[in-house]
Amino acid sequence: MMDDTDRGGVILTAFHSFRIHADTPDNRKAQYPRIASMSLPGGASPSSPERPVSRDLMEDYWSEMKNIEDDGPGVHEEMMDMDEAELEEEWLQEAGLSTLLSGTQSDGHTEALLSTLTHSQANMVKKRLDNYTQTLRKKNRQPTRHVRDVFSTPDTSSGDLTPSVSPNGQIAPKLPLWNPPKAPQLCSVFAPAESHSSSVSSEMISLSFDVPYSESARGHRKGRECQDCRRFRKDDLPTFQIIKPRQGLTRVSDLSSEDIKKIGYISLIELSTFYDILGIELKRNRVWRSKARESGIFGVPLDTLLENDQKKYPGSRVPLVFKKLLFKLEQTGLQTEGILRIPGSASRVKYLRQELELKFYEDRFNWDEVRQNDAAGLLKMFIRELPYPLLTQQHLPAFTAAQNISSPKHQLQALHLLIMLLPEPNRDTLKALLEFLRKVVAYEDKNRMSLWNVSMIVAPNLIIFHGKNAKQEEMQTAVGSAHLVRLLIQHQDLLWTVPCFLISHVRKMNEAATGKKTPTSEKTKRRLLRRWNTEKDRNRSEVTDLHDGVIRVHAPLHAKVSMAIQLNGEMKARDIMARFDVENSRGSRSTGRRQKQFLFEVGGNIRERCLDPEAYLLDVYHANPHCEWILKSRQT
């Protein structure tokens, strides 16, 4: 049996042999009989006798690597050295905690954020800040603030650290830590009794969004008897059953950009805490700089592409050329055998790329010239040549580190947090790609592209390594990278759902921030009083004295623009939507042409959230008693 080092050498040898003798299918298959026995990730060591990946699947991966190499060197990269202190500083800034470093006057944001952290999350922030301080001291540089000025640490052995922040750098009174709901059991898994039988191909695993993943995984460290780390059959992905929260599921697009930004802060802290508890080493990438173009199609950053697109089509969220390529493939390629796998003509793809650069934005490009396999080649080339990876420079190491997590459930939770961390252009573009890939898999009986086939081919285009050891890392993580892509495709709907515990963090942050903003001037008080009187006069003809459990729903675009409603334990958002639809149909004949309306909670401890039609309103009311309830259409 080989150890990891031996196996890495075998993979590299086989790949180099494959590059030399790849002219015939027989030669390709002959080069890596031992590579074909590689096991899937997810708990088993590389040398364990788990179900192997087939030789044909591995050939898909190596063939794609050969195609990528034939396409050219790609984007020129320049590595930039960053020391430990700079990496920690970057982490703290990305976590929204930059004022801990500068010692500048805080607007209350940092205190509000720290006040929502669990003990484990607070420990992680302290660990990062402490490492930053110690690294500066080793370089004979004095940090602006010492970790003692941020965290009071009367007993570090207890692990019960409470953030205590003061804008002037002095030790401030302790802020209350948010205690998350406790999980019923540590690392609990719901699976029918019969699913433990070897004859069943997959297990049903429950996934709750109520408790931070780092809290529910704490049993992993304590007793090493984490049920989530049991081995599953690696050739079949487990089936995850979402435990629906009473407040309804929330998609990323349901929240305001301000609240999504706060969710990014918490997600980074939670991800680092989660990996630490699982014993997964998480290193941040050394920054590398690419020579990005400011115009054109290929090699242009996503945000630059969208900025250019939005001049012509306001509101664009995915690059137009990317959408066009996906549309072309969906229109003509879903039933094409070997789509994504069989490369188009290299010369024709090169010509089409030049034509796109010259003619796309002038609407002169002839899409009828593009064959299915050429479109697939252009699509993969577009992703691969982004000057900064679609999964981002800073978080790509965290994506690849997820391969080392032993439980499919914990792997999915890690990917879930990483999706929350992606910038909006990256997240929207990745979503469009995954939706397309799911359609490709749905036509497997026609195109002969299984979920594994698609994952093997997409992985080297999506999970890209940089630096001196890039080739070796790609070879050693081939199967693991494809497995992660498989998870992304299979469970994409779940991954774009915002966990409830993150929304609870945001609510606590907003409440903490609001508590510090009291109207001090007489002018501000008079303005608020005037606004309150205006609202009172507007609703004078209706019920204005709302008792506990009574809400007023505003529907500006409906015939009945306002309605007071008594909530009960079983009333859902869809019931309110239906009630207004009935009222509206009585007062207007044009309901068929009106855009669908959704119920929103606005203000209070959330900026704005579009409610799931299945959300129980009394639970939302108790979570945010001071919000406004508005019926309106969603922004697209």
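The values are calculated or read from the model by the stated rules, or taken from the named source; none is laboratory data. All figures in this text were calculated on a predicted structure; none of them were measured in a lab. In this analysis, Cβ positions are derived from the backbone assuming ideal geometry, glycine residues included, and neighbour counts consider all displayed protein chains. Only protein heavy atoms, including side chains, enter the accessible area calculation; ligands, DNA and RNA are left aside. Shrake-Rupley method; radii C 1.70, N 1.55, O 1.52, S 1.80 Å.
The residues neighbouring ARG246, those whose beta-carbon lies less than 12 Å from its own, together hold a net charge of -3 under the Lys/Arg +1, Asp/Glu -1 convention. Within the full protein context, the accessible area of THR497 is estimated at about 0 Å² for a probe radius of 1.4 Å. Across region 404-416, coupling constants 3J(HN,Hα) worked out from phi with the 6.51/-1.76/1.60 Karplus curve, θ = phi - 60°, read 8, 7, 7, 10, x, 5, 5, 4, 5, 5, 5, 4, 4 Hz, and Gly and Pro carry x. Between SER345 and LYS139, the modelled labels are 5.5 nm apart [label points 7 Å from Cα along Cα→Cβ]. Annotation: amide H of MET204 within the under-5 Å range of THR239, sequence separation 5 or more or interchain, hydrogens built in the peptide plane. Put simply, the amide H of HIS395, placed in the peptide plane, has no neighbours under 5 Å, leaving out anything fewer than 5 places away on its chain. Among the listed pairs LYS127/LYS431; LYS262/LYS291; LYS66/LYS431; LYS323/LYS431, those with a Cα-Cα distance over 22 Å are LYS127/LYS431; LYS262/LYS291; LYS66/LYS431. Ordered by 1.4 Å accessible area with all protein chains kept, ARG246, ARG609 run largest first as ARG246, ARG609. Between TYR313 and THR514, the C-beta separation translates, for a Förster distance of 35 Å, into a calculated FRET efficiency of about 0.40. Evaluated with a Cβ-only charge set (Lys, Arg +1; Asp, Glu -1), region 396-458 carries a dipole of roughly 120 debye about its Cα centre, given to the nearest 20. Looking at region 257-340, the trypsin sites (Lys or Arg not before Pro) that sit in a DSSP loop and have at most 13 other Cβ atoms within 10 Å of their own Cβ are LYS283, LYS291.
Across region 247-253, coupling constants 3J(HN,Hα) worked out from phi with the 6.51/-1.76/1.60 Karplus curve, θ = phi - 60°, read 7, x, 6, 10, 7, 4, 6 Hz, and Gly and Pro carry x. Couplings for region 599-616, taken from phi via the Karplus curve 6.51 cos²θ - 1.76 cosθ + 1.60 with θ = phi - 60°, read 8, 10, 9, 10, x, x, 9, 9, 5, 6, 9, 7, 7, 4, x, 8, 5, 7 Hz in order; Gly and Pro are left as x. Distances between placed amide hydrogens fall under 5 Å for PHE598 paired with LYS632, SER633, ARG634, all partners being 5 or more residues away or on another chain. Sparse packing (at most 14 other Cβ atoms within 10 Å of the Cβ) combined with a DSSP loop state is found for the following trypsin sites (Lys or Arg not before Pro) in region 391-463: ARG448.
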